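A.B. asks: Quick one: the structure is below, questions incoming.
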Ligand code: SF4
Ligand code: MSK
């Protein structure tokens, strides 16, 4: 039975062990039947005359609301929830930056001054002759205003292409501020307000844009300022990263503020000695969900798994503490933890879980909070059972491809640009770009759609960027190793091997989908592939979405001109009108739209068709999978084996052609 629920052999191993004794989300997905009406977006609960379910001969709610209004309202409220979650993360980062700039945040410092200065530039803040802390304070306070101001516009909108900005203004979806647009969306979707599906969805796009180009982008930028802009580094992934002889602390949730301090505390000599005094050989950190991505990208901390692995990590019996902050934390973790010695520790003033121990994190005393948490985990080590069930499964990965690094790797510090990438796309070496993002969902086999889609895309010479739990999913199967080239098409392989990158680039956590907006904008402004995002041979795919945040991301990507495919049945499937607005309607107005298809083969086909259509519209070389033969390093090595030594002299050791004497 576990084999059907996950593609991950480590997860299977733990599920086998849990079967019949420890209940997990994999079991509840079988016992809890989804609601067929709510699942299609046509159950309305916004007033006490309902819930009104539009089914059978019922075509309107008690107030007369139609299926289209109800489905649009439901979708819009999900976007509001998702945008609020990610943007509140961004606000938290800005608040931390205020404290750091004022010298009131214990343990933190500004690690990336270059990024601070470029963010100051975007926000119109002067930097010449000013101290780092002065600039940082202005950046933080201006960023905080981006959440609450009630007039003007989100400042980062100017980072989009000029055409995109014009479209947003013409279509009246340019957001004023994050809170303003989310509040208006909640207002407009309450009983008896906005009752035109397209008009409701416009406000959903507006709130989503406030998240993508506001809250989330600020979250990414300020994280980089405080903790460093990611560059590639190596780690391992999967449950096998837990250690039998060390204190295992799993960091789970989304925000990097506390986890950064725990990383520091875990190498504190005093705590390492304390761990030894309890019989442990060290302190081992691992991550789950997007906290995992944050500490992976900046410190090489290995992820133990993605969303559906959270209970399984505890069920290994080897976790002394699972430390959680906000988002994607299953309430059932407390039950699973109670079956073992594991302490579930909540840390955010925003989130408590019954049965968990609450050690509230305070950024003003961050290092003390972190040490307290690590000490609690160490104290728990002697309580571990005699045997653990850690699957001996892990996989190597390379992560940390910030958009700054992607630019850098294409020419270095002084000549970095997106030109080589655009050229490779124009020549058909790279057929197109795809962002494969999002969650796990217990309704589908963990990782299976994500892995299938990524495999087919790279076989078809599509360069893939991954974020969130899809990134961890891809990593588990080796896609994030530079040596993982066997399955990539010849053109893609040649480009990746020349630069030394894997065919699948780990771009970050869920809030870092904002980095994908920047990458798409850079490709558009570099030239040669049109002058705005809709012209690019590029798609976004979210094969296993679960969270409202994924819908907010899909909405801001669509409004930014991207064609976005989701797996799973449509959450607006009960209204053909809404389905049509979100695809054809948005495509006509914004050049991007959202389409849902539960079948992975269909998603792959639609993605490749879209890429090829965009190539034709740009008059690019027609993509031919055979054009680059069997190009790549292996072919070059074979070539060397076949030629004599004199011919080998045609090449220098670094494979650069040198002048022949002949
Ligand atoms: Fe029913 Fe209308 Fe109330 Fe929704 S708003 S619950 S459709 S009466
Ligand atoms: S953690 S939002 S399950 S990607 Fe970002 Fe994973 Fe989705 Fe949470």
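A.B. asks: Is it true that residue 241 is over 19 Å from residue 82 (Cα atoms), buried (at least 24 other Cβ atoms within 10 Å of the Cβ), within 19 Å of the chain's Cα centre (by Cα) and in contact (Cβ under 8 Å) with a residue 40 or more places away in the chain?
C.D. replies: no
A.B. asks: Please go through (1) farther than 20 Å from residue 84 by Cβ; (2) part of a helix (DSSP H, G or I); (3) within 15 Å of the chain's Cα centre (by Cα) for residue 579 and return the number of the only condition it doesn't satisfy.
C.D. replies: With respect to (1) farther than 20 Å from residue 84 by Cβ; (2) part of a helix (DSSP H, G or I); (3) within 15 Å of the chain's Cα centre (by Cα), residue 579 is out only on (3).
A.B. asks: On to the next question. Quick check on region 440-463: of everything there that is under 16 Å from the mean Cα position of the chain (by Cα) and either buried (at least 24 other Cβ atoms within 10 Å of the Cβ) or modelled with pLDDT under 95 (or both), which residue is farthest from residue 490 (Cα to Cα)?
C.D. replies: 440
A.B. asks: Restricting to region 182-205, and then to whatever is under 23 Å from residue 92 (Cβ atoms) and without any contact (Cβ under 8 Å) to a residue 40 or more places away in the chain, can you tell me which residue is farthest from the chain's Cα centre (by Cα)?
C.D. replies: My answer is 184.
A.B. asks: Considering 21, 96, 6, which residue is away from ligand 1 (no atom under 16 Å from the Cβ), in the same structural domain as residue 143 (by TED's automatic domain parsing) and either within 28 Å of residue 552 (Cα to Cα) or surrounded by fewer than 20 Cβ atoms within 10 Å (Cβ to Cβ) (or both)?
C.D. replies: Of the residues listed, the single one that is away from ligand 1 (no atom under 16 Å from the Cβ), in the same structural domain as residue 143 (by TED's automatic domain parsing) and either within 28 Å of residue 552 (Cα to Cα) or surrounded by fewer than 20 Cβ atoms within 10 Å (Cβ to Cβ) (or both) is 96.
A.B. asks: Here's something else I'd like to know. Condition (residue is assigned to a loop (DSSP other than H, G, I, E, B) and within 30 Å of residue 309 (Cβ to Cβ)) applied to region 85-104: is it met by at least one residue?
C.D. replies: No; the residues of region 85-104 include none that is assigned to a loop (DSSP other than H, G, I, E, B) and within 30 Å of residue 309 (Cβ to Cβ).
A.B. asks: Determine whether region 198-210 contains at least one residue that is within 16 Å of ligand 2 (Cβ to nearest atom) and either within 23 Å of residue 536 (Cα to Cα) or outside the structural domain of residue 254 (by TED's automatic domain parsing) (or both).
C.D. replies: yes
A.B. asks: Residue 294: part of a helix (DSSP H, G or I) and either at positive phi or within 12 Å of ligand 2 (Cβ to nearest atom) (or both), yes or no?
C.D. replies: Values: part of a helix (DSSP H, G or I): yes; either at positive phi or within 12 Å of ligand 2 (Cβ to nearest atom) (or both): yes.
Considered against the rule, which asks whether it is part of a helix (DSSP H, G or I) and either at positive phi or within 12 Å of ligand 2 (Cβ to nearest atom) (or both), residue 294 comes out as yes.
A.B. asks: How many residues, within region 15-36, are touching a helix residue (DSSP H, G or I) at 6+ places or on another chain (Cβ under 9 Å), in a helix (DSSP H, G or I) and within 22 Å of residue 338 (Cα to Cα)?
C.D. replies: From region 15-36, those touching a helix residue (DSSP H, G or I) at 6+ places or on another chain (Cβ under 9 Å) are 15-19, 22-27, 29-30; that's our starting set.
Subsequent filtering for residues that are in a helix (DSSP H, G or I) retains 15-18, 25-27, 29-30.
So of that shortlist, the ones also within 22 Å of residue 338 (Cα to Cα) come out as 15-18, 25-27, 29.
Residues that pass the stated criteria total 8.
Rundown of residues vs (1) farther than 23 Å from residue 438 by Cα; (2) touching a helix residue (DSSP H, G or I) at 6+ places or on another chain (Cβ under 8 Å), yes/no style:
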position: 311; (1), (2): no, yes
position: 319; (1), (2): yes, yes
position: 341; (1), (2): yes, yes
position: 352; (1), (2): yes, no
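A.B. asks: Kindly indicate whether any position in region 378-396 is away from ligand 2 (no atom under 16 Å from the Cβ) and on the phi > 0 side of the Ramachandran plot.
C.D. replies: For region 378-396, residues away from ligand 2 (no atom under 16 Å from the Cβ) and on the phi > 0 side of the Ramachandran plot: absent.
A.B. asks: When you scan region 309-325, do you find a residue that is within 18 Å of the chain's Cα centre (by Cα), within 15 Å of ligand 2 (Cβ to nearest atom), assigned to a loop (DSSP other than H, G, I, E, B) and over 16 Å from residue 240 (Cβ atoms), even just one?
C.D. replies: Within region 309-325 (the criterion being within 18 Å of the chain's Cα centre (by Cα), within 15 Å of ligand 2 (Cβ to nearest atom), assigned to a loop (DSSP other than H, G, I, E, B) and over 16 Å from residue 240 (Cβ atoms)), the answer is yes, since at least one residue qualifies.
A.B. asks: Hey, among the residues in region 111-169 that are within 24 Å of the chain's Cα centre (by Cα) and outside any helix (DSSP H, G or I), which one's surrounded by the most Cβ atoms within 10 Å (Cβ to Cβ)?
C.D. replies: Here the answer is 154.
A.B. asks: Hey, does region 47-62 have a residue that's surrounded by fewer than 17 Cβ atoms within 10 Å (Cβ to Cβ), within 10 Å of ligand 1 (Cβ to nearest atom), touching a residue at least 60 places away in the same chain (Cβ under 8 Å) and farther than 30 Å from residue 315 by Cβ?
C.D. replies: Checked region 47-62: at least one residue is surrounded by fewer than 17 Cβ atoms within 10 Å (Cβ to Cβ), within 10 Å of ligand 1 (Cβ to nearest atom), touching a residue at least 60 places away in the same chain (Cβ under 8 Å) and farther than 30 Å from residue 315 by Cβ.
A.B. asks: How many residues does region 597-614 hold that are out of contact with any helix residue (DSSP H, G or I) (no Cβ under 8 Å at 6 or more places or on another chain) and either assigned to a loop (DSSP other than H, G, I, E, B) or not assigned by TED's automatic domain parsing to the domain that holds residue 451 (or both)?
C.D. replies: 2
The values are calculated or read from the model by the stated rules, or taken from the named source; none is laboratory data. Keep in mind it's a predicted model, so treat the numbers as computed, not measured. Cβ atoms come from the backbone with ideal geometry, glycine included; neighbour counts cover every protein chain shown.
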